[in-house]
Amino acid sequence: MWFMRQAGRSLPEYRSLRADVPMLDACARPDMVKEITLQPVRRYDVDAAILFSDIVMPLRAIGIDLDIKPGIGPVVAEPIREPDAVAQLRQLEPDDIPYITEAVGELVSELDSTPLIGFAGGPFTLASYLIEGGPSKNHERTKALMYSDPDTWDDLMRRLSGITIAFLRTQVAAGASAVQVFDSWVGALSAADYRRSVLPFAKHIFRELGSLEVPRIHFGVGTGELLGLLSEAGPDVVGVDWRVPLDTAAQRVQPHTALQGNLDPAVLLAPWEVVEERARAVLADAEPTEGHIFNLGHGVLPETDPDVVARLTELVHTETAR
């Protein structure tokens, strides 16, 4: 088990360390990446660390003018919506992200036998930030481009898929033991639109990552109707958010696909008796799966008490050791 956003705003030591350091600056400092990645490993008996970074880091590394605004999220100074702008997106090279190579190498040495998970953003989610200029509830400009100009859309997705692959290859080359692709907002699409406009590129990503011989996880939010397609893309593990029980999800994915998830993050704000009951329900739902990684259905919320996360970790380990 591990937790999405296990390194982050719920930890007082994280808030103290990052008090005066902008998010993307912290992600580009190997010393901070290392320390923040290790913080939850010290606090909790999790079975894996996940690299502290952000999915927009490779976009910034190739020259996109963007920043993460507190309370807003990633904001792109000049949104990319025209074919000429798409054509200017270059591929990511390892030399663009030396801080990633350095941080991962130091972490692998420090973590010893605890695996390190690398991650990157999926192409639809990256495309949405670039096209919308920032976070979006409806992804309307993104969908409009996808519907109206499929050639430009396909070019954008090809380029972003290459960036995702390069970002993950760099992490694995430096020592990461597994990778997760966060196509966080792809749940905004219908199954038909996903199949036409995203699945070919997701397949390409996971096919290319296959040569790395590390476990590959695919995750998105609100993807209950897309679980079969996420699985069809070719990952080893599909992440499931809290909306679909794991036993139901197991029937939707391809054979021999493990599942990850899927306790509602908000449950951790409830009394312990509720947390325990809901966690046991997740474990029961996971029994029919072909492999299960216990996780939340999305990231740890900032208001979460770290002691509750520690108790949950102990509970899951105790129950699964039987």
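For every residue, the table says whether it meets (1) modelled with pLDDT under 95; (2) closer than 30 Å to residue 204 by Cα; (3) surrounded by 22 or more Cβ atoms within 10 Å (Cβ to Cβ); (4) under 17 Å from the mean Cα position of the chain (by Cα).
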site: 234; (1), (2), (3), (4): no, yes, no, yes
site: 238; (1), (2), (3), (4): no, yes, yes, yes
site: 248; (1), (2), (3), (4): no, yes, no, no
site: 253; (1), (2), (3), (4): no, yes, yes, no
site: 262; (1), (2), (3), (4): no, yes, yes, yes
site: 272; (1), (2), (3), (4): no, no, no, no
site: 282; (1), (2), (3), (4): no, no, yes, no
site: 314; (1), (2), (3), (4): no, no, no, no
* When you go through (1) part of a helix (DSSP H, G or I); (2) in contact (Cβ under 8 Å) with a residue 24 or more places away in the chain one by one for residue 42, which number turns out not to apply? -> (2)
* **In segment 280-302, the residues that are of a type outside the set (Val, Ile, Thr), touching a helix residue (DSSP H, G or I) at 6+ places or on another chain (Cβ under 6 Å) and either within 19 Å of residue 5 (Cα to Cα) or not in a helix (DSSP H, G or I) (or both)** => 286, 288, 294, 296, 298, 301
* If you take the residues in segment 145-194 that are over 27 Å from residue 240 (Cα atoms) and among the small types (Gly, Ala, Ser), which one is surrounded by the most Cβ atoms within 10 Å (Cβ to Cβ)? -> 174
* Asked: Does segment 97-136 hold any residues that are surrounded by fewer than 20 Cβ atoms within 10 Å (Cβ to Cβ) and of a type in the set (D, E, K, R), and which are they?
  -> 102, 106, 110, 112
* Might you let me know whether segment 47-59 holds any residue that is outside any loop (DSSP other than H, G, I, E, B), surrounded by fewer than 19 Cβ atoms within 10 Å (Cβ to Cβ) and acidic (Asp, Glu)? => no
* To do: Taking only segment 176-222 into account, find how many residues are touching a residue at least 40 places away in the same chain (Cβ under 8 Å), over 25 Å from residue 141 (Cα atoms) and in a loop (DSSP other than H, G, I, E, B).
  => 4
* Asked: Yes or no: residue 314 touching an Asp or Glu at 6+ places or on another chain (Cβ under 8 Å) and more than 29 Å from residue 254 (Cα to Cα)?
  -> yes
* Here are 103, 85: which of them is touching a Lys or Arg at 6+ places or on another chain (Cβ under 6 Å) and either part of a loop (DSSP other than H, G, I, E, B) or farther than 15 Å from residue 162 by Cβ (or both)? -> 103
* Asked: Out of curiosity, is residue 75 surrounded by 15 or more Cβ atoms within 10 Å (Cβ to Cβ), assigned to a helix (DSSP H, G or I) and more than 17 Å from the chain's Cα centre (by Cα)?
  -> no
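The values are calculated or read from the model by the stated rules, or taken from the named source; none is laboratory data. Quantities reported herein were computed from a predicted structural model and do not represent experimental measurements. In this analysis, Cβ positions are derived from the backbone assuming ideal geometry, glycine residues included, and neighbour counts consider all displayed protein chains.
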